[in-house]
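S.K.: Quick one: this structure, given as structure tokens, is what I'll be asking you about.
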Amino acid sequence: MILKVLEFEFDLIVLGAGSGGLAAAKRAASYGAKVAIIEVNKIGGTCVIRGCVPKKLMVYAANNRRNMLSSEGYGLISKEITFESNILLKNVREEVSRLSVLHSNSLKKLNVKVFEGLGRFLNQNTVEVVCPKTKNILRKVSAKSILISVGGKPKKLNIPGTDFAWTSDDIFELKDFPKKLLIVGGGYIACEFASIFKNLGTEVTQLIRGENLLNGFDKDLSECLEKSMTSLGINLKFKNQLKSIKKINDGLESTLESGSKLLTDNILVATGREPSLKRLNLDTLNLKMDGIYLEVNELNKTSISNIFAIGDIVKRPNLTPVAIEQGRVFADNYFAALKRKVNYENIPKAVFTIPEISTVGLSEEKANEIYSEVNVQVFKCNFTPMSNTFKKNKSKCMLKLVVNKKNDKVLGCHMFGEAASEIIQMVAVSLNTGITKKDFDTTMALHPTISEEFVTMYG
């Protein structure tokens with residue numbers, strides 16, 4: 001009896017051309033695999049199109065305006081600063097388009113076939129490409145392996161009038177900035193946009209369900225940010241929730257759980273993100289789930305052996321560099337037999353408020369939970385950075401090391417202040433080598449800098 005070998009059009013189909021999907025497609029194609037990628041939006045995904053990149057460009061704008069308004073002590077006097085939000089938004093969109101084209105061109109150079117449309121499963125080897133507007137089936141394609149990397153989407157509130165509110169996806173399509181804005185949420189996305197809008201002249205109220213900002217971050221970081229945002233003039237409302245939204249003339253009326261009402265031009269709901277899986281027709285496959293995420297093993301394989309998943313649809317840190325590494329490791333393993341694994345230890349994180357927050361390793365609270373408070377020592381300093389010496393704005397820096405007393409190993413490093421994200425990257429390298437507090441202490445300082453405080457902190 002002769003068994004017929006199944007023939008497929010491609011070696012790999014990638015669903016979603018975001019950071020992880022692009023990394024996997026490019027790496028697999030570089031090994032000679034025949035690859036197709038299916039994307040319903042612009043090439044680039046959340047990070048490039050409506051996340052990290054455009055948001056960071058807005059952070060630069062906000063920081064520049066903040067510095068210009070606060071630098072008279074340096075002899076830099078400007079009688080009037082005009083901010084034209086339409087110019088910033090236009091330039092951001094143009095840069096995003098440029099980056100999207102760059103990614104598209106790199107796929108072409110690697111002979112990766114791009115299908116525009118929504119990818120939807122027919123079976124474990126076949127996907128149909130659907131036009132999102134007409135719902136017409138444009139093409140059916142098959143592959144030996146399929147990688148799901150469709151990313152996440154902003155959560156929406158299930159309240160009356162929810163469609164009047166923006167999500168983070170809408171911000172970069174605005175024509176101009178509002179004068180008054182309510183931001184709902186206390187996580188990093190909400191805090192970053194609150195900082196951006198306020199520093200660019202918008203009156204901001206931020207509504208937080210819990211008692212503090214940035215749940216899961218070191219408590220000192222949360223407290224530093226709260227003080228900074230309050231001093232900036234952001235109206236923080238804790239232990240309250242949005243119950244309904246009503247259109248009032250040219251504005252929006254928000255009714256809060258407390259019973260009070262707010263009238264603003266617009267509302268931004270930034271209460272988290274969730275996997276964008278509903279349109280993939282996954283019921284056909286009966287893939288195992290891990291809550292709202294796809295269940296995968298350490299090699300990002302799903303419950304079906306030829307289907308893999310990476311990025312914001314799996315229960316791992318939902319960060320762009322993590323998705324990129326997952327994509328590359330997947331391709332290295334299955335198209336070059338390299339037997340690699342993703343290292344999830346000591347992943348650095350940043351919150352691009354003004355000033356910034358950065359962190360790597362364990363928070364003080366988590367370290368106490370794991371090692372017991374008696375075995376944990378904390379080194380911390382607060383100071384005004386030299387760059388703010390002559391500024392009206394006297395925002396401070398906070399640097400913190402969390403150390404295991406038993407072996408002197410540094411368990412976590414946290415920073416609030418100027419250039420925090422740039423500094424923490426190299427600390428992450430150090431933590432991965434098992435650096436001790438003594439190693440910090442015996443390293444020569446570079447003066448005068450903010451980062452020197454990490455090697456001069458004593459009990």
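S.K.: When PHE217 is evaluated against the numbered criteria (1) of a type in the set (Phe, Trp, Tyr); (2) buried (at least 18 other Cβ atoms within 10 Å of the Cβ); (3) over 20 Å from the mean Cα position of the chain (by Cα), which criterion, by number, is the only one it fails?
M.R.: Looking at each condition in turn, PHE217 falls short on (3).
Residue-by-condition table, conditions (1) of a type outside the set (A, V, I, L, M, F, W, C); (2) within 25 Å of the chain's Cα centre (by Cα):
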site	(1), (2)
LYS198	yes, yes
LEU256	no, no
THR264	yes, no
VAL269	no, yes
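S.K.: Could you list all residues from segment 112-129 that are out of contact with any Lys or Arg (no Cβ under 8 Å at 6 or more places or on another chain) and either in a loop (DSSP other than H, G, I, E, B) or free of Cβ contacts under 8 Å to residues at least 60 places away in the same chain (or both)?
M.R.: Matches in segment 112-129: ASN123, GLN124.
S.K.: Can you name every residue in segment 130-159 that is touching a helix residue (DSSP H, G or I) at 6+ places or on another chain (Cβ under 9 Å), in a strand (DSSP E or B) and in contact (Cβ under 8 Å) with a residue 60 or more places away in the chain?
M.R.: Scanning segment 130-159 gives SER145, LEU147, ILE148, GLY152, LYS153, PRO154.
S.K.: Okay, next question. Cβ-Cβ distance below 6 Å, separation of 6 or more or different chains: which pairs start in segment 212-230 with a residue that is outside the structural domain of ALA367 (by TED's automatic domain parsing) and end on one that is of a type outside the set (A, V, I, L, M) and at pLDDT below 95?
M.R.: SER228/SER395
S.K.: Right, here's the next one. What number of residues in segment 348-381 are out of contact with any strand residue (DSSP E or B) (no Cβ under 7 Å at 6 or more places or on another chain) and surrounded by 14 or more Cβ atoms within 10 Å (Cβ to Cβ)?
M.R.: 5
S.K.: Give me the helices (runs of 4 or more DSSP H) completely within segment 167-259, filtered to those with at least 1 residues that are of a type outside the set (Asp, Glu) and closer than 18 Å to LYS156 by Cβ, ordered by residue number.
M.R.: Output list reads 168-171, 188-199.
S.K.: Quick test for you: out of SER395, SER363, pick the one residue that is in contact with a Gly (Cβ under 9 Å, 6 or more places away or on another chain), small (Gly, Ala, Ser) and under 28 Å from GLY20 (Cα atoms).
M.R.: Within the list SER395, SER363, the selection yields SER363.
S.K.: While we're on this one: Where in segment 369-441 are there strands (runs of 3 or more DSSP E), lying wholly inside it, with at least 2 residues that are more than 25 Å from the chain's Cα centre (by Cα)?
M.R.: Those strands (runs of 3 or more DSSP E) span 376-383, 397-404.
The values are calculated or read from the model by the stated rules, or taken from the named source; none is laboratory data. As the structure is a prediction and not an experimental result, all values here were calculated from the model. All Cβ positions, even for glycine, are placed from backbone atoms using ideal geometry, and neighbour counts span all protein chains on display.
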